[in-house]
Each structure stands twice: as C-alpha cells, then as structure tokens.
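Visitor: After the structure tokens below, expect a handful of questions from me.
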Amino acid sequence: MVIKPSLRTLGLACLGSLQIASAFYLPGVAPQDYAPGNNVPLYVNSLTPLSNQQVKSVISYDYYYDRFHFCRPENGPQKQSESLGSVLFGDRIFTSPFQLSMAKNETCKLLCHVKSIPKEDAAFINERIIDNYAVNMVVDGLPAAHENLDKNTGEIYYNIGFDLGYVDGKTPSLNNHYDINIYYHERSSTKFRVIGVVVKPSSKTTQLDTKGQPICDKTNHGLYLKADGTDSVVYTYSTIWHPSSTAWATRWDSYLHILDPSIHWFSLVNSIVIVLFLTGMVAMILLRALHKDISRYNAVEAQVNIRYRAVINKRICLEDVQEDYGWKLVHGDVFRPPSHPMLLAVAVGSGAQLIAMTALTLVFAILGFLSPSNRGSLATVTVVFFMVFSCISGFTSARLYKMNGGEQWKLNIILNATLFPGIIIGFLFGLNFFLIGSHSSGAVPFGTMMAILGLWALISLPLSTAGSYYGLRKPRIEQPVRTNQIPRQIPDQPTYLRSLPSIFMGGILPFGAIFIELYYIMNSIWFHRIYYGIGFLFLVFGVLILTCSQVTILMCYFHLCNEDYHWSWRAFLTSGAAGFYVFLYSILYYLTKLDINSITSTVLYFGYSTLISVLLTILTGSIGYLACLLFLRKIFGSIKVD
Ligand SMILES: *[C@@H]1O[C@H](CO)[C@@H](O)[C@H](O)[C@H]1NC(C)=O
C-alpha cells in the first residue's frame, strides 16, 4: 500500500494530536470547597532564590533535601504528580506535616523538634540563608507568598515564597516559626474557599516544656546556627484564618500585580516607534523607488523590443541592447542556490516551527487557557506545540530544500527531524548533569527525560517525516526569473554593506524593539516571578515579526542595488543577529542584576541563555529569510526579463 499524505490529512493529523494533547494536559481548574474544620492540605515545593532580592544562585533544592533537616510527615513525604511543564520548570511538590483546619485559628503548634544538625549541614543552611533562599509552599493550588508594598500606589501585592532566614549584620538566622495567614471566602456556611496565603516567618529560640510542648514567646527572636554540631531547632507554626470578600475567581490578582505599568507602556511605545520608523523607510524606499524601478525597467524593455524589431527589419545588427541597471542586473543570479542549502532549509524549517509554536502558545495564553493557576500549563503547552508543529518544520524545510535544488532528500528528512530537536535535548541533558552534580532539585528526573524522548519519538518524528514527505512530493517552487549558467562577478561593496557590518546593523533594530520586554521576561525566569504581561508579549511578538522582516527586506534591497546577490544566508543572519544581541544582553544582565558567585550557577545561567539565544536566532532568522524570499519573488515577478 502506498501512503499518500495530502495537505488535508497532514493538517488533520496536526490538529488531532493537538486536540489529544490539550485534552490530556489542560484540565479545567475547578474551585475547591471546604467545610469549616476540614483539613486543608499544605504541600511544600522546592526551595528557590527569593524573588525580590539580589539573585545569588540559580539552583533550586528539594524541600526534603537531607541537609536542610526540615520536618517530614509521619509516613514519609509523598510526591505529588505534576504536568510535564511543571516538572521541567522545577516544581517538586511533596506532602508536608502541617495540619491546617479550615477557619480554625491555632497558635504555636509544634511541627517537629530537630535534635541536632551536623556541622556541615548547619553551615550549608547558613550559606543558603545568605544566598537569599526562599521556602515555597502550596495551599489549594495557591503558592504561599510574602507581602510587598508597591511604593508608587501604596498597594500590597504578593511575591511567591518567603525567606528561609535573614541576615542580621553578618550572622544568618534561620526562620523556624511560620505565621500562616490564610484568607478565605465564605460562600455559604459549609462552603469556604481559599483565596490567599501569606506566610510571615520568624526566627525564635523556642524551647520545649516538660510535656514536650513549645513555649512560644513573642519577644525572643534570632536563632543562629552555630554550626558546631550542637544546634537544635524547634519548628513551630500558627494558622490565622482571615475572612475576605475577594471572590475565588480573582484570587490570583494580588500575585499578578504590575509594579510599574508605565514601563510596559514605555516598552510598547518604544517598539511601536521602531516599527513606524521602519515601516516609513520601507514604504518610502521600497514602494516609491521600486515602483519607479519597475515601471522604468518595463518601459525600457518595451522600447528595446520596438527598437530591436525595427533593427531586425532593417537587417542591421545592434549589439548593445542591454540597458539593465540596479537590482534588475542580478536577475540571472538572484535565485542561484545558496551555499549549504541543506543547513539553511533545516534551520528555516525549524524556525517556522518555532514561529508557529510561539504564536499559538501566545494566542492560548491570551485567551486565558494558561493562567498561572494551571501550574506549569504554559510550559507544557509550549512543549506539546513544539512537538506537534514538527509537521510545519518538515514541510517548510523540504519545500525550501527542493526549491534550492537539493537532491539528498533522505538526508533532509533525517536532519530535519533530528538536528534542532537534538541540539535542544542535548543542551538540556548536558545542563542536567550540572544540576545533578549540585544536588539541585531543578534536575529533570530520569523519567521525565524519557517521557520527552518518547514524545519526540511518537509525535515529533512521525509528524516531521510526514511533513517532509509531503513537501518533497509537491512540485518544485518555480522562481519568476531563470538563473544563468555562469555566475556574475560581484563588484566591491562599500564597508557598510559588507556581510558582518550589515548583519550586525540589521540585528540591532529587532533587538531594540524587544529589549525592554526582554528585561521582564528575564526577571520572571531568574527571579521566579510570575510573568503577567502576556498581552504585552503578544504585541511584542508581532512587533518582532514586523521589524525582522522589514529590516531584512531593506538590507536585501540595498545589497541587490549594489549587485550583490548572495542574499539567502545574509537575510537569515541579519534578523537572526537579534539572538546574538540577546546573548550580549544576558551577559549584561548577569553582570548588573545578578550576584552569582558559584561556578555551577554561572554555567547554568549561560547554558540556558545560550539555548534561548540560539532558539531566538533561528526564529528571527527564519522570519528574515522567508520575508526576503517573498519580497524577491514579488519584485522579480513584476519585471519583464527576456
Ligand atoms: C483568627 O484570628 C484573626 C486575628 O486575630 C481574626 O481576625 C480572625 O477573625 C480569626 N478567625 C477566626 C475564624 O476566628
């Protein structure tokens, strides 16, 4: 049997796997009702660097990592199952020994008494306190937060996590008492809902009385771990339940507080100014100049034809009928296949995949499917879309490869399915070794890695192959003008049009359009802040596509006017240089915003930054290449060439 995939079946396959994936991964978040006195489970999550302090480390630790000596539940901590995205982004959720009863105030309950902490472990805890680590807890799907004051508006907002300890002068103190403030909304006398969790930790030298109960004293504070092997810690907590009128549906609002909205608007205005500027340039140069060029070329052509016919009639041979100039001169070379057509096709194919993935994820996010209450859903959906859109990658890559006269179609199919997924997975696996080496909980568990490989083999690989197969079966894309046998000599170019200067000049504009928003994205990645500006991000993505294509088209036009027809790779790299600038920016961010002093953290930071920059280069590069290709097909399609 011969399988003949058509575009429709391919599309259906894509849609189908999308639907399965979303049905599988997007459970609706339903509110949970508790009757007064009901047990409200409290889960613990990994320890991360605290969100609103200097970041000194990028490593997270399991709550139950031995060296912390935190209290464990009686029958051992149970791991909670989580979505793929949640695991990938470092959530490790376990049960805890805390006992919370809905709407029941309790003070000074004993969690456990840690009789002795070995020297090295106490020193380890002290170092983590100095590195501003935060404890993370989850109650009814809400992360425990600490309160912050917005100095501009006087509003209180929440930041995820609370201090593991604090540093007083030079001595680190461990927070061993937690005031767990839970805000609840009363729907009816038996239906209470959790709408906010704020933990105020403190450090106390609590002792136990003869009955083994803690003696909580409001006045004593400051528990220093001396790290001499004699340290003992009494962990206690109080639960304070506050009635609130906030509805369950709006409970995330205090977490999503926008600190300074004007900066977001400023970033948007900045992007729009750049877009307007570029659009103006494109409109002026391309539309006017091109229009003039095209009508002039065609007029000359008509004239030449008339003269030529007249000449033939008179049987006189006229040699110099060539009157071409400007970009039209290169019509016989402009669609000459570039060097390394395979790599280009595979890169642009993967770029198309990334573009589709980003666009659809952002649409889903804007529609509100991926709210932070759906833990890890954004990451999960992104991964699934990446896998599913392999079909686009295969198709695009095959079409471009065939267009550029490539003949090793088997290699194209294989490379397309393996090269970029391989680079990404290889990178993640490599960084994982560092995480494992540093005992970080951020290391992706072996099972999850296998799950990712499985997803790739089951979804990505077949879809990519099907896409390639279908793309290769389609007839070759015909170019509007024929390519000459003998390549034209390229004249010397002015400095600013040489490859490197023009590429780096071109990359600045797309980067300039996104760099302010980039600052927020970096903050949310490295400071564990929830990213709240999805709407802004969506606009910024649109702006990125516009600037990338406009810049590349402009540069391409200038080059062709100077009779330089090697545009393919240059178009890719011109807009792709934005990724390089993002990498430079991440170095700047490292030097100014972060205060990392461990090698492992540094390696991880630059590892992830490199990965992000590479992905962005591929994404923006493909936008540039595709825009330029369309542009050239358009302009060379509109002139007459004999
Ligand atoms: C718990 O204590 C707080 C503060 O003292 C008080 O405002 C609140 O009403 C109490 N909650 C209940 C359910 O009694």
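The values are calculated or read from the model by the stated rules, or taken from the named source; none is laboratory data. These numbers come from a predicted model, not from an experiment. Cβ sites come from the backbone with ideal geometry, for glycine too, and all protein chains shown count toward neighbours. These accessible areas exclude ligands, DNA and RNA; they are computed on the full protein's heavy atoms, side chains included. Shrake-Rupley method; radii C 1.70, N 1.55, O 1.52, S 1.80 Å.
Visitor: Restricting the count to DSSP beta bridges whose residues both fall in the chain, what percent are antiparallel, rounded to a multiple of 5?
Guide: Just about 80 percent of them are antiparallel.
Visitor: Grab the beta carbon distance between Leu149 and Lys115, set R0 = 56 Å, and tell me the FRET efficiency rounded to 0.05.
Guide: Plugging the Cβ-Cβ distance into 1/(1 + (r/R0)^6) gives 0.90.
Visitor: Now, a different point. Rank these by accessible area, largest first, 1.4 Å probe: Thr107, Thr171, Thr236.
Guide: The ranking, largest first, comes out as Thr107, Thr171, Thr236.
Visitor: On a 0 to 90° scale, report how tilted helix 390-403 is relative to the longest principal axis of the chain, with both axes built from alpha carbons and the result rounded to the nearest 10.
Guide: The helix 390-403 is inclined about 20 degrees to the chain.
Visitor: Follow-up question, since we're still on this one. Roughly speaking, to the nearest percent, how much of the chain's 1.4 Å accessible area is carbon and sulfur?
Guide: That fraction is 62 percent.
Visitor: Helix 599-637: angle to the longest alpha-carbon principal axis of the chain, degrees 0 to 90, nearest 10?
Guide: Its long axis makes an angle of about 30 degrees.
Visitor: At a Förster distance of 56 Å, what's the computed FRET efficiency of Lys200 paired with His291, Cβ-Cβ distance as r, to 0.05?
Guide: About 0.25, to the nearest 0.05.
Visitor: Show me 174-187, 602-615 ranked by packing, highest mean number of other Cβ atoms within 10 Å first.
Guide: My ranking of the peptides, most packed first, is 174-187, 602-615.
Visitor: Let me ask another. Taking amide H atoms as placed 1.01 Å from N in the peptide plane, list the residues 5 or more away in sequence, or in a different chain, whose amide H sits under 5 Å from that of Lys104.
Guide: Gly37
Visitor: Something else about it: With a 1.4 Å probe and all protein chains left in place, how much accessible area per residue does the range 31-259 have, in Å²?
Guide: 45 Å²
Visitor: If each residue of separation counts as 0.36 nm, what is the full-extension length gain between His439 and His221 once their alpha-carbon separation is subtracted?
Guide: 75.4 nm
Visitor: When the chain is fully extended, how far beyond the present Cα-Cα distance does Ser371 get from Phe277, taking 0.36 nm per residue of separation?
Guide: So the extension gain works out to 30.4 nm.
Visitor: Separate question: What list of ³J(HN,Hα) values in whole Hz, one per residue of the range 466-481 in order, does the Karplus curve 6.51 cos²θ - 1.76 cosθ + 1.60 (θ = phi - 60°) give from phi, with Gly and Pro shown as x?
Guide: Along the range 466-481, the couplings run 4, x, 4, 4, 5, x, 6, 6, 5, x, 4, 5, 7, 8, x, 10 Hz.
Visitor: Quick one: angle between helix 568-592 and the longest Cα principal axis of the chain, in degrees between 0 and 90, rounded to 10, please.
Guide: Tilt of helix 568-592: around 30 degrees.
Visitor: Here's a follow-up. Near Lys474, which aspartates and glutamates are there with a Cα under 18 Å away, not counting those fewer than 8 places off in the same chain?
Guide: Glu407
Visitor: At R0 = 41 Å, how high is the FRET efficiency between Lys474 and Leu428 if r is their beta carbon distance? Nearest 0.05 is fine.
Guide: 0.75
Visitor: Here is a further query. Could you name the lysines whose alpha carbon sits less than 18 Å from that of Lys204, not counting residues in the same chain fewer than 8 places away?
Guide: Lys109, Lys115, Lys170, Lys218, Lys226
Visitor: Moving on. What per residue convex hull volume, in Å³, do the alpha-carbon atoms of the range 542-642 yield?
Guide: 107 Å³
Visitor: Leu111's amide H: which non-local residues (gap 5+, or another chain) put their own amide H closer than 5 Å, with H modeled 1.01 Å from N in plane and none for Pro or chain starts?
Guide: Amide H neighbours of Leu111: Tyr235, Thr236, Tyr237.
Visitor: Taking 0.36 nm per residue of separation and subtracting the Cα-Cα distance, what length does fully extending Ala247 through Gln99 add?
Guide: Length difference between fully extended and current span is 50.8 nm.
Visitor: Which residues in the range 572-614 place their backbone N less than 11 Å from a point set 7 Å from the Cα of Arg67 along the Cα-to-Cβ direction?
Guide: So the set is empty, nothing qualifies.
Visitor: For the charge dipole of the chain, defined by +1 on Lys and Arg C-beta atoms and -1 on Asp and Glu C-beta atoms about the Cα centroid, which residue among Tyr133, Ile215, Val444 has the Cα displaced farthest towards the positive pole?
Guide: Farthest towards the positive end: Val444.
Visitor: Let me ask you something else. Based on alpha-carbon positions alone, could you give the equivalent ellipsoid semi-axes of the chain from the gyration tensor, as √(5λ), descending, whole Å?
Guide: Taking √(5λ) for each eigenvalue gives 60, 25, 22 Å, largest first.
Visitor: I want to check the label-to-label distance for Thr592 and Ser238. Put each point 7 Å from Cα in the C-beta direction and report it in nm to one decimal.
Guide: Placing both labels 7 Å beyond Cα along the Cβ direction yields 4.3 nm.
Visitor: May I ask you to order 243-252, 567-576, 82-91, 222-231 by the average number of other C-beta atoms within 10 Å around their residues, highest value first?
Guide: Ranked by mean Cβ neighbours within 10 Å, highest first: 567-576, 82-91, 222-231, 243-252.
Visitor: With θ set to phi - 60° and the Karplus curve 6.51 cos²θ - 1.76 cosθ + 1.60, what are the ³J(HN,Hα) couplings of the range 267-276 in order, to the nearest whole Hz, using x for Gly and Pro?
Guide: Karplus values, whole Hz, x for Gly and Pro: 5, 5, 4, 4, 5, 5, 4, 4, 4, 4.
Visitor: Just order 327-337, 70-80 by mean Cβ neighbour count inside 10 Å, highest at the front, would you?
Guide: Top of the packing list down: 327-337, 70-80.
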